[in-house]
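Notes follow once the structure below has been shown.
The values are calculated or read from the model by the stated rules, or taken from the named source; none is laboratory data. Every value quoted in this text rests on a predicted model; they were computed, and no experiment measured them. Positions of Cβ are backbone-derived with ideal geometry, glycine not excepted, and every protein chain shown enters the neighbour counts.
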Amino acid sequence: MNQERRAQWLRGVLDLCVLAMLARRESYGYELSQALEAAGLGPVKGGTLYPVLLRLQRAGLIVAYWREGGAGPARKYYRITGDGHDVLRQAAADWDRFAGGVGAILREVSAR
Amino acid sequence: MKKIIVTADLALREIARRRTVLVVLALLPLAFYLSRRGDHLGQSIRFVCLGLGWALSTAALFAGSAARPIEPRLRLSGYGSRHLVLGRLLALWTVGLVLSLPYYLLILVDRHDVRYGAIAVVMLLTVAVAAPFGLALSAVLPRELEGTLVLLIVVGLQMMTDPATTASRALPFWFSREIGTYAIDHTDSGYLDRGLLHGVAFAVLLTALVTVAASVRLRSRPHLRFNPAP
Amino acid sequence: MNQDAWLAALVGELRRHGVGPDLAGHVVAEAATHLRDSGEPPLSAFGPPGSYARDVADSIGAAAPAPRRQPPGPVRLDVRGISKRYRRHRVLNDVNLTVRAGQIAAVVGANGAGKSTFLRICAGLVSPDRGEVHAYGSLGYCPQDGGTREFLTPDEHFVLIGAGRDMDRAVARRAGRAHAARLDWKPDSGRLAGQLSGGTRQKLNLVMARLGEPDILLLDEPYQGFDRGAYLDFWHEVWRWRDTGTAVVVVTHLLNQLDRVDIVLDLTPDRERA
């Protein structure tokens, strides 16, 4: 995949993907980056991910707290808020419509 | 008083850190002493005193020139010009005493038949005069080279002119020759009295001159008016 | 760049980008955990400390400090009708400037326009031909050069200035070191000023001017020899001084900071401006 294009797409959807993953269960930065990669979004650098987490936190869509790890170091965990759930629901519906449109256009090209 | 002590303390540290300068300063009188050690016993004592005066005046001249750039800022930071002058003088006088002591001991060991008390007086007065003399030169001649040349002339004249002439009394270290004669040649106490008067007068005059020069240079200018913060 | 060096650099860059100490602590700790978990080198995971700090600052909206926080206080420095000529060359012609507590005035102008002369007149080091300067409170002055002593350590400089401002030795040293830390400088107690780099000596110069918290600070291009980080630190310090109610006058020829000052005094002669 063209790396530059991938980065551009990621910029548009990363916050929603992070929000959606936190809607499943609370998590911390490194775990999130691995989960995103496993989901097929490609590697997500810490330098990209943490500013997004800060922005979501500032918007009140997630909250953060430090939790002592059993054996490992303390980690900063993130949890989605009520507002976060609302925004995610709305955005997911918007994305469906948008991606549907993009998909319909691109299908015409690949069908030709 | 605290400001004077801090100025003196830091000025002393600055001088103490210039090792090479200190060594040269310390050896200069020794060179003078040894140069006449062979021929005339008394002459080497006269020379070592002049050497001390020269060394200390030079040190004072350079210390004074080096301090010039920072003095306005210190003045603004709450120092009076008298704090700066007296602090620096105190440091230089201390250096002079430390410098003189080994030479006094040297004369004590090396000489006999001289008035040691009078030699001590010559050295004390030399230190007292040399420090403000160097500072006064640095106040009048801000460039070190010019000051050094003038010092060279003064000390050269001091060595060569006949102390009996009236004109030679205008030289700052005249007292050294006069009291020296009293100490070495056991002349009458008139030499001691004249020398004492001359030395003390020069020490006081030069100190006053340095203080006045500094207070003029660092005067508060009339265009700047300080008002208490509202 | 190894991990510790990168994290240390990040601390400084976050501060320069206006990220508060609490949040900065979280950001650094989180990045450290991430690096440990992932085993990646910091540069590939986060990029250079400066750009990561900028991203962090952008995401929390902390980028540039707000130009004005509180209304300016009472007048601290009032300069009226200053004129000065050197021989037949007119340097300053009827210059006026009023700076209040909590304001920064930038003095700009071409080389030889009399910027330093103006500041020296304000500090009372040079007499003008005409005009008056009224200072309401104490003055601090940072000269362009020659303000430090080659054979004294930074701590001794703090003591020297401190004694003038009636501070004890220990108090002066502590205050000096606290100001130095804000410029990202930890003075080495055995090092003489003559052995410091030009930029560090300039930091010393600046700390000396600030010692004793004067009400009015006159700074004559105090950032010569600063690298980019130190330059940003310098402006952050100036803004902080302003916010604590100091009146700051700073001579500068770098115009890109002018949007962050309150007053600009341009000393470029009229004939050249036209």
Being farther than 20 Å from B:Arg225 by Cβ and either among the hydrophobic types (A, V, I, L, M, F, W, C) or touching a residue at least 40 places away in the same chain (Cβ under 8 Å) (or both) narrows C:Val108, C:Val133, C:Val99, C:Val95 down to just C:Val108
Filtered residues of the stretch A:49-74 (kept if facing chain C (nearest Cβ under 8 Å) and either within 22 Å of A:Ala7 (Cα to Cα) or polar (S, T, N, Q) (or both)): A:Tyr50, A:Pro51, A:Val52, A:Leu54, A:Arg55
From the options C:Ser138, C:Ser116, C:Ser83, residue that is touching a residue at least 60 places away in the same chain (Cβ under 8 Å) and touching a Pro at 6+ places or on another chain (Cβ under 8 Å): C:Ser138
Criterion first (facing another protein chain (nearest Cβ under 10 Å) and on the phi < 0 side of the Ramachandran plot) does C:Arg54 satisfy it? yes
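Every residue, every condition in (1) among the aliphatic types (A, V, I, L, M); (2) at pLDDT below 90, yes or no:
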| residue | (1), (2) |
| --- | --- |
| A:Gln8 | no, yes |
| A:Asp15 | no, no |
| A:Arg24 | no, no |
| A:Gly40 | no, yes |
| A:Leu56 | yes, no |
| A:Leu61 | yes, no |
| A:Trp66 | no, yes |
| A:Ala92 | yes, no |
| A:Trp95 | no, no |
Could you please give the count of residues in the stretch B:190-230 that are out of contact with any strand residue (DSSP E or B) (no Cβ under 7 Å at 6 or more places or on another chain) and either facing chain C (nearest Cβ under 8 Å) or part of a strand (DSSP E or B) (or both)? 4
Within the stretch B:145-163, is even one residue part of a helix (DSSP H, G or I) and over 29 Å from B:Ala213 (Cα atoms)? yes
Kindly check whether there is at least one residue in the stretch C:44-59 that is exposed (fewer than 14 other Cβ atoms within 10 Å of the Cβ), at pLDDT 85 or above and farther than 22 Å from A:Arg55 by Cβ. yes
Within the stretch B:64-94, restricting to residues that are surrounded by fewer than 21 Cβ atoms within 10 Å (Cβ to Cβ) and charged (D, E, K, R), the one that is farthest from the other protein chains (Cβ to nearest Cβ) is B:Arg82
I'd like to check something: does the stretch A:81-94 contain any residue that is within 13 Å of chain C (Cβ to nearest Cβ) and either free of Cβ contacts under 8 Å to residues at least 12 places away in the same chain or more than 19 Å from C:Ser59 (Cβ to Cβ) (or both)? no
Hits in the stretch A:19-34 - residues which are outside any strand (DSSP E or B), out of contact with any His (no Cβ under 7 Å at 6 or more places or on another chain) and within 13 Å of chain C (Cβ to nearest Cβ): A:Glu31, A:Leu32, A:Ser33, A:Gln34
Any residue at all in the stretch B:113-126 that is more than 21 Å from B:Phe62 (Cβ to Cβ) and in contact with a strand residue (DSSP E or B) (Cβ under 7 Å, 6 or more places away or on another chain)? no
Note on A:Tyr77: of the conditions (1) touching a helix residue (DSSP H, G or I) at 6+ places or on another chain (Cβ under 8 Å); (2) within 14 Å of chain C (Cβ to nearest Cβ), unmet is (1)
